[in-house]
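Participant: Right, I'll just put the structure down here and ask away after.
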Amino acid sequence: MELWERSAGLEALDDLLRESAKGGRIAVVSGEAGLGKSALVAEFARRCGARARVMWGQCDRLATPRVLGPLHDIARHTGGGLSALLTMGAAQEEVYCAFLSELSGPSQRPRPVVVVEDAHWADEATLDWLVFAGRRIERFAAMLVVTYRDDEVGAHHPLRRALASLPSARVERLSLAPLSEGCVAEQARLAGRDGDHVYRHAGGNPLLVTEMLKSDTDGVPDAVQDLILDRLRTLPEPARDLAHLVSVMPTRAEAAMVSGEAELVDLLVEAAVLVPAADGGVAYRHELLRCAVEDSLPPARKAALNRRVLRLLESLSGVDAGRLVHHARQAGDSAAVLRYAHVAAAAAARQGAHREAAAHYRAAAEHASPLPAPDRAALLEDYASEAHLAGMHQEALSIQKAALAVREELGEVERISDNLRQVSRLAWWSGRPAEARDACDRAVAVLASRPADARLAMAYSNTSQLHLLAWRFDEAISWGERARDLADRLGDVATSVHAAVNMSTARMVHDGVGAQPALEAAAELAMSHGLIEQAARALANLAAVLADDLGLCAAAVPHADRAVDYAEAQGLDGLAQWALGSRARLNLQRCEWDRALADAEAALARPSRFGVNAVMPLLVLGRIQSARGEPEALTTLEAALREAERVGDLQSLIPVLEGRSEYYLWSGDAERAREEARRGLDLAAHLPQQSMVVGRLAYRYWRAGGSEHVAEPAGPPLRLMMRGEWAAAAADWADRGDVYFQAEALAAGDLEAASRALRILDGVRATRAAEFLRADLRARGFSRVPRGPRRATADHAAGLTPRQADVLALIAEGLSNTEIAARLTLSPKTVDHHISAVLAKLGVTSRVQAAALAHRQSRSVPAPS
């Protein structure tokens, strides 16, 4: 097979295969549609011959992706335990471990090469599997090849997060470039065509170039659709009909779908419309061509073909329910959508693909009007639950209210209470505190006249949780005890664990690390019973209390990492978003600002961009912008305050007010700085004085010149700072791992200590904060204040930070992530975060594109005179 200008890519893949003998390797092949990713990998597989055992998996362009679709493809070829586990719907971890077993074996056997094509269409569970396998690939003499269209993967696409999670030392990225103008000209010459004409209309896209060179007409088609439709017009009507049928089946048509049509299949293959597929079926030569034909079909014709495909698939065994849903939706067959969507959604949920599960339930809900009311309510409740787990809280709230309305019409008191409790929880996530409290009270009230049961216990625990979120800790403990006592009497483990998380969190705020084991035990108990949401909540609460309430940043780090990793591994997008925002705040205090920004930006890229999950990421962005003197700082802090006020809870409002006080002090408005801190102190009046939350507000108020009506904070380092004992305070903050407050303490000391503070601030490019400190030192009479780094003469054109600009320059030099990390003395993970941010700000999707842009920018800079 001839591949134009792809020898370097083939050599790179071959090198990786050889290197995988010493530990697995991952090749990530990217490029826009039509650049020949599949052709490159197919030729590589052919050249492997007996050296490798190639296992193919395909991601399909379905309305809702197949859950673990590529793994199902692989299992069909491997059979054995992996196939059996997938068929029985086994737990995610069992399936993943079975896949790893396929990679192990004697060294003399052909090396496993796993190909996952079109990962831009991957479902959530497939991305989790890729991360799981990728992080363990070094243990095996195996190779993983992932292809995706980089023109379909934006800055916030889930695939980008998955790729960033792969071990950079094991990953080689191959970004396919378009064909050169010279190559296109030569191929056009061989075909007797005008090379300039072909290049002008097809550029360097091999697919479009090939199609234009194969066209029998002298005129140039305007699009791929014209090219493929011109070819179909020359074929007999039965062949066109079969081509139309295959066009409505994403990726391929199995052998059974074209059974008895061998002559027509041969005719379409000979005409270069279709190509044989690995399983005996057929497919279009490229997905673009399939889409072009499908899009050309009149709506009625398209629906009829999908009905035909649906009936054919229903006659086969082992067909993925997601495919049946896709064709049922395209056919407008409401009964079939309802029949299969629930099955597909349940399967997706079992694999942790909550986003896909919600999509299947959404499809079913659109056709649910004929269902009996109880069934319709149950469908809506399942839909709302999966939308909540996927972090789509506002959508979930709307659906849960619809389910509540149906239950109220039916007069089902127990179900009404369940729905009210869920409405309460979702209203809080959506930033509607009054609605959350009202629904919570109603959930308890509707059960008041009935015998105490598990629903009442859960309603009590929900009340406990709302008090916890409002920082009313005594009430949280009291309601939690009522809930747990009743739940334990009834043997209701789930509610008992829920209440234990509430109470243990509240007690840890009150009693410090002495109560930490109870919260850790609640997390482990939740995991052991498969209560993943409660486990994630316990882990996130543990990290937040350590960092924010107790000021123990160093101790919080491993728990914050575990909370994020666990929530993401379980597909809990909402809780993962909250944990990312919390970790961003922790990394701000540790002066790991690149990581803080990466986490904040990742959190804001999630589906829920309003309410509680937006507050902390916006606050972190605003505080860093403020410290760096960036003009958008106040706008970001205003947005954080709006979302905090929508939520209405102290855990959202108080940190924002603290950050705003800091901003106004640096801006020279001490009076406004005191007002912001004073407002926070008034709100926090009921909190225990030993709380670091109260202490930070008291310090901000004092730092802005306030003194009246403020009790001295009980937190040791803050009390020391307000007493002027800066050295002891700085040592305490250093022990706690809070570098940012350590710098604040040092700033109040002598010139040597203040110089250390300036080095910390300069190290994170906190120019505004450093300027404020330098001015303060001069006002205190120090004449030899250290100068800071020179400001750049102009901001970076793309808005990159100086560190991001450094990373871009090294990308342009061709350095790998590992080499960049060594050059800049950063961890590889931090470099990964930087690169993701750089690509997003530049609006590109690959390192090659970023490097090309950097080279163009460097050429556009005028030389010094």
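Participant: Across the stretch 76-93, what is the number of residues that are open to solvent by less than 40 Å² (accessible area, probe 1.4 Å) and without any contact (Cβ under 8 Å) to a residue 12 or more places away in the chain?
Facilitator: Number of matching residues: 3.
Participant: Among (1) of a type outside the set (S, T, N, Q); (2) out of contact with any strand residue (DSSP E or B) (no Cβ under 8 Å at 6 or more places or on another chain); (3) in a strand (DSSP E or B), there is one condition Val28 misses while meeting the rest; what is its number?
Facilitator: Val28 satisfies all of (1) of a type outside the set (S, T, N, Q); (2) out of contact with any strand residue (DSSP E or B) (no Cβ under 8 Å at 6 or more places or on another chain); (3) in a strand (DSSP E or B) except (2).
Participant: Of the residues that sit in the stretch 532-581 and are of a type in the set (A, V, I, L, M, F, W, C) and open to solvent by 40 Å² or more (accessible area, probe 1.4 Å), which one is modelled with the lowest pLDDT? Working first, answer last.
Facilitator: Step one: list which residues in the stretch 532-581 are of a type in the set (A, V, I, L, M, F, W, C), which gives 532, 535-536, 538-540, 542-547, 550, 552-557, 560, 563-564, 567, 569, 572, 575-576, 578-580.
Those left that are additionally open to solvent by 40 Å² or more (accessible area, probe 1.4 Å): 532, 552, 554-555, 569, 578.
Working: Ile532: 92, Leu552: 93, Ala554: 95, Ala555: 95, Ala569: 86, Trp578: 91.
Among residues in the stretch 532-581 that are of a type in the set (A, V, I, L, M, F, W, C) and open to solvent by 40 Å² or more (accessible area, probe 1.4 Å), the one modelled with the lowest pLDDT is Ala569.
Participant: Filter the stretch 610-629 down to the residues that are part of a helix (DSSP H, G or I) and open to solvent by 20 Å² or more (accessible area, probe 1.4 Å) and list them by number.
Facilitator: Met616, Leu618, Leu621, Gln625
Here's the yes/no breakdown for (1) touching a Ser or Thr at 6+ places or on another chain (Cβ under 8 Å); (2) charged (D, E, K, R); (3) in a loop (DSSP other than H, G, I, E, B):
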| site | (1), (2), (3) |
| --- | --- |
| Val406 | no, no, no |
| Glu409 | no, yes, no |
| Arg415 | no, yes, no |
| Gln422 | yes, no, no |
| Ala427 | no, no, no |
| Gly431 | no, no, yes |
| Ala439 | yes, no, no |
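Participant: With the checklist (1) closer than 25 Å to Asp128 by Cα; (2) open to solvent by 20 Å² or more (accessible area, probe 1.4 Å); (3) not in a helix (DSSP H, G or I) in hand, flag the one item Asp60 doesn't pass.
Facilitator: Checking Asp60 against (1) closer than 25 Å to Asp128 by Cα; (2) open to solvent by 20 Å² or more (accessible area, probe 1.4 Å); (3) not in a helix (DSSP H, G or I), the one that fails is (2).
Participant: Among the residues of the stretch 63-100, count how many are assigned to a helix (DSSP H, G or I) and either under 16 Å from Thr147 (Cα atoms) or hydroxyl-bearing (Ser, Thr, Tyr) (or both).
Facilitator: Summing the residues that are assigned to a helix (DSSP H, G or I) and either under 16 Å from Thr147 (Cα atoms) or hydroxyl-bearing (Ser, Thr, Tyr) (or both) in the stretch 63-100 gives 9.
Participant: Any residue at all in the stretch 40-53 that is in contact with a Cys (Cβ under 7 Å, 6 or more places away or on another chain) and either modelled with pLDDT of 90 or more or within 27 Å of Glu152 (Cβ to Cβ) (or both)?
Facilitator: Taking the stretch 40-53 as the starting set, the residues that turn out to be in contact with a Cys (Cβ under 7 Å, 6 or more places away or on another chain) are none.
Among the residues of the stretch 40-53, not one is in contact with a Cys (Cβ under 7 Å, 6 or more places away or on another chain) and either modelled with pLDDT of 90 or more or within 27 Å of Glu152 (Cβ to Cβ) (or both), which makes the answer no.
Participant: Pairs, please: C-beta under 7 Å, at least 6 apart or cross-chain, first residue in a helix (DSSP H, G or I) and surrounded by fewer than 19 Cβ atoms within 10 Å (Cβ to Cβ) and in the stretch 144-165, second modelled with pLDDT under 85 and among the β-branched types (Val, Ile, Thr)?
Facilitator: Asp151/Thr845
Participant: For the stretch 263-281: of the residues being in a loop (DSSP other than H, G, I, E, B) and in contact with a Leu (Cβ under 9 Å, 6 or more places away or on another chain), which is least open to solvent (accessible area, probe 1.4 Å)? Spell out how you get there, then give the answer.
Facilitator: Let us first name the residues in the stretch 263-281 that are in a loop (DSSP other than H, G, I, E, B), namely 271-273, 277-281.
Filter once more, so that each one left must be in contact with a Leu (Cβ under 9 Å, 6 or more places away or on another chain): 271, 273.
On the way: Ala271: 26, Val273: 0 Å².
That would be Val273.
Participant: Glu676 - would you say it is of a type outside the set (A, V, I, L, M, F, W, C) and under 25 Å from the mean Cα position of the chain (by Cα)?
Facilitator: Numbers: of a type outside the set (A, V, I, L, M, F, W, C): yes; under 25 Å from the mean Cα position of the chain (by Cα): no.
Considered against the rule, which asks whether it is of a type outside the set (A, V, I, L, M, F, W, C) and under 25 Å from the mean Cα position of the chain (by Cα), Glu676 comes out as no.
Participant: Still on this model: Just one of (1) open to solvent by less than 30 Å² (accessible area, probe 1.4 Å); (2) in a helix (DSSP H, G or I) trips up Leu447, so point out which.
Facilitator: Here Leu447 clears every test but (2).
Participant: Checking Gly749 against (1) modelled with pLDDT of 90 or more; (2) more than 38 Å from the chain's Cα centre (by Cα); (3) not in a loop (DSSP other than H, G, I, E, B), which single condition isn't satisfied?
Facilitator: (3)
Participant: I want to confirm something. Restricting to the stretch 643-693 and keeping residues that are part of a loop (DSSP other than H, G, I, E, B), closer than 27 Å to Leu604 by Cα and among the small types (Gly, Ala, Ser), which single residue is most open to solvent (accessible area, probe 1.4 Å)? Break it down stepwise before answering.
Facilitator: Quick first cut of the stretch 643-693, residues part of a loop (DSSP other than H, G, I, E, B) only: 648-649, 667-669, 684-691.
Keeping just the survivors that are closer than 27 Å to Leu604 by Cα gives 648-649, 667.
In the following step, the residues that additionally are among the small types (Gly, Ala, Ser) were identified as 648, 667.
Working: Gly648: 36, Ser667: 57 Å².
Among them, the one singled out is Ser667.
Participant: Looking at the stretch 192-202, is at least one residue closer than 23 Å to Pro299 by Cα and assigned to a helix (DSSP H, G or I)? Working first, answer last.
Facilitator: As a first pass, look at the stretch 192-202 and keep what is closer than 23 Å to Pro299 by Cα: none.
No, the stretch 192-202 has no match at all.
Participant: Out of (1) of a type outside the set (Val, Ile, Thr); (2) outside any helix (DSSP H, G or I); (3) closer than 11 Å to Val501 by Cα, what's the single condition that is false for Glu520?
Facilitator: Going through the list (1) of a type outside the set (Val, Ile, Thr); (2) outside any helix (DSSP H, G or I); (3) closer than 11 Å to Val501 by Cα, Glu520 breaks only (2).
Participant: Moving on. Give the residues of the stretch 328-368 that are of a type in the set (S, T, N, Q) and modelled with pLDDT of 90 or more, sorted by residue number. Give the derivation first.
Facilitator: Keep residues of the stretch 328-368 that are of a type in the set (S, T, N, Q), which gives 330, 334, 351.
If the condition is that a residue be of a type in the set (S, T, N, Q) and modelled with pLDDT of 90 or more, then Gln330, Ser334 are the ones that fit.
Participant: Right, here's the next one. Can you find a residue in the stretch 637-658 that is within 13 Å of the chain's Cα centre (by Cα), modelled with pLDDT under 95 and of a type in the set (A, V, I, L, M, F, W, C)? Give the steps one after another, and end with the answer.
Facilitator: Pass one, the stretch 637-658, residues within 13 Å of the chain's Cα centre (by Cα): none.
Scanning the stretch 637-658, I find no residue that is within 13 Å of the chain's Cα centre (by Cα), modelled with pLDDT under 95 and of a type in the set (A, V, I, L, M, F, W, C), so the answer is no.
Participant: For the stretch 319-357, which positions are outside any helix (DSSP H, G or I) and either aromatic (Phe, Trp, Tyr) or farther than 30 Å from Arg240 by Cβ (or both)? Step through it out loud before you land on a result.
Facilitator: The initial filter retains those residues of the stretch 319-357 that are outside any helix (DSSP H, G or I), namely 319-320, 332-333, 351-353.
Of everything in the stretch 319-357, those that are outside any helix (DSSP H, G or I) and either aromatic (Phe, Trp, Tyr) or farther than 30 Å from Arg240 by Cβ (or both) turn out to be Gln351, Gly352, Ala353.
Participant: Specify which of the listed residues (Phe782, Phe741) is of a type in the set (Phe, Trp, Tyr) and part of a loop (DSSP other than H, G, I, E, B).
Facilitator: Phe782
Participant: From the list Leu839, Leu800, exactly one residue is modelled with pLDDT of 75 or more, open to solvent by less than 20 Å² (accessible area, probe 1.4 Å) and not in a loop (DSSP other than H, G, I, E, B). Which is it?
Facilitator: Leu839
Participant: Check off (1) surrounded by 21 or more Cβ atoms within 10 Å (Cβ to Cβ); (2) free of Cβ contacts under 8 Å to residues at least 12 places away in the same chain for Gly182 and give me the number that stays unchecked.
Facilitator: Gly182 satisfies all of (1) surrounded by 21 or more Cβ atoms within 10 Å (Cβ to Cβ); (2) free of Cβ contacts under 8 Å to residues at least 12 places away in the same chain except (1).
Participant: Is it true that Ala141 is open to solvent by less than 20 Å² (accessible area, probe 1.4 Å) and not in a helix (DSSP H, G or I)?
Facilitator: On the way: open to solvent by less than 20 Å² (accessible area, probe 1.4 Å): no; not in a helix (DSSP H, G or I): yes.
No.
Participant: Among the listed residues Tyr740, Tyr701, which satisfies the condition of being within 25 Å of Leu641 (Cβ to Cβ), over 35 Å from the mean Cα position of the chain (by Cα) and at pLDDT 90 or above?
Facilitator: On the way: Tyr740 fails: over 35 Å from the mean Cα position of the chain (by Cα).
Just one listed residue meets the conditions, Tyr701.
Participant: Under the condition of being in a helix (DSSP H, G or I), within 19 Å of Lys214 (Cα to Cα) and not hydrophobic (A, V, I, L, M, F, W, C), which residue from the stretch 282-305 is most open to solvent (accessible area, probe 1.4 Å)?
Facilitator: Among them, the one singled out is Glu287.
Listed here are the residues, each with its yes/no results for (1) at pLDDT 95 or above; (2) under 22 Å from Ala90 (Cα atoms); (3) open to solvent by less than 10 Å² (accessible area, probe 1.4 Å).
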| site | (1), (2), (3) |
| --- | --- |
| Ser504 | yes, no, no |
| Arg507 | no, no, no |
| His510 | no, no, no |
| Val513 | no, no, no |
| Ala521 | yes, no, no |
| Leu525 | yes, yes, no |
| Gly530 | no, yes, no |
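Participant: While we're on this one: Is it true that some residue in the stretch 388-395 is surrounded by fewer than 20 Cβ atoms within 10 Å (Cβ to Cβ) and of a type outside the set (Ser, Thr, Tyr)?
Facilitator: Keep residues of the stretch 388-395 that are surrounded by fewer than 20 Cβ atoms within 10 Å (Cβ to Cβ), which gives 394.
Pick out the ones that are also of a type outside the set (Ser, Thr, Tyr) and you get 394.
Within the stretch 388-395, one or more residues are surrounded by fewer than 20 Cβ atoms within 10 Å (Cβ to Cβ) and of a type outside the set (Ser, Thr, Tyr).
The values are calculated or read from the model by the stated rules, or taken from the named source; none is laboratory data. Quick caveat, the model's predicted, so the values are computed rather than measured. Glycine gets a Cβ as well: all are built from the backbone with ideal geometry, and neighbour counts include every protein chain shown. Ligands, DNA and RNA are stripped out before the accessible areas are found, and what is left, the full protein with its side chains, is counted by its heavy atoms. Shrake-Rupley method; radii C 1.70, N 1.55, O 1.52, S 1.80 Å.
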